[in-house]
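The structure under discussion appears below in the form of structure tokens.
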Amino acid sequence: METTLGTVLGALQTGLPVLLLQFATALALLALGVTCYTAITPFHEWRLVREGNVAAGVVLAGTVVALAIPLAATLATSLVTLDIALWGLVALALQLLAFAVVALLAKGLRDMIEAGNVAAAFVLIGVQIAVALINAGAMAG
């Protein structure tokens, strides 16, 4: 019994610092992605959310999920923190590109979100989550 406990504690001592570093790297990338996203969008999500705009809340929450999905795939498939950071940056760039494409195709997206159009918010987030899932699958493949 003591050998099993010693083995588990040894593995924890070795693995926990790696886990924490990789987790912190992914969280930093997520924060970077949200910051970049809110900087490039034509609407001010945080202000709109504070004002009670449901569409902006849906967009912001969905964006966080869409950015996290491929980051989770990098965590699941990469053993080296640098690998996670590099592929995480690629994932974030693809997610920002997905937003740019939707914004180009959906004329008046800014006005729709600012007006609280939840349907427009769900379309935007649907595309972003679809891209995130495909991106995660490609990274894991």
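The residue that is surrounded by the fewest Cβ atoms within 10 Å (Cβ to Cβ), counting only those in the stretch 24-59 that are of a type outside the set (D, E, K, R), without any contact (Cβ under 8 Å) to a residue 24 or more places away in the chain and assigned to a loop (DSSP other than H, G, I, E, B), is G52. Among (1) modelled with pLDDT of 95 or more; (2) within 20 Å of A26 (Cβ to Cβ), where does E51 come up short? The number of the failed condition is (2). Filtered by the rule that a residue be free of Cβ contacts under 8 Å to residues at least 24 places away in the same chain and either polar (S, T, N, Q) or over 15 Å from L133 (Cα atoms) (or both), the stretch 79-100 gives L79, V80, L82, D83, L86.
The values are calculated or read from the model by the stated rules, or taken from the named source; none is laboratory data. Only a predicted model underlies this, so the values are computations on that prediction, with no experimental measurement involved. FYI the Cβ positions are ideal-geometry reconstructions off the backbone, even for glycines, and counts take in every protein chain you see.
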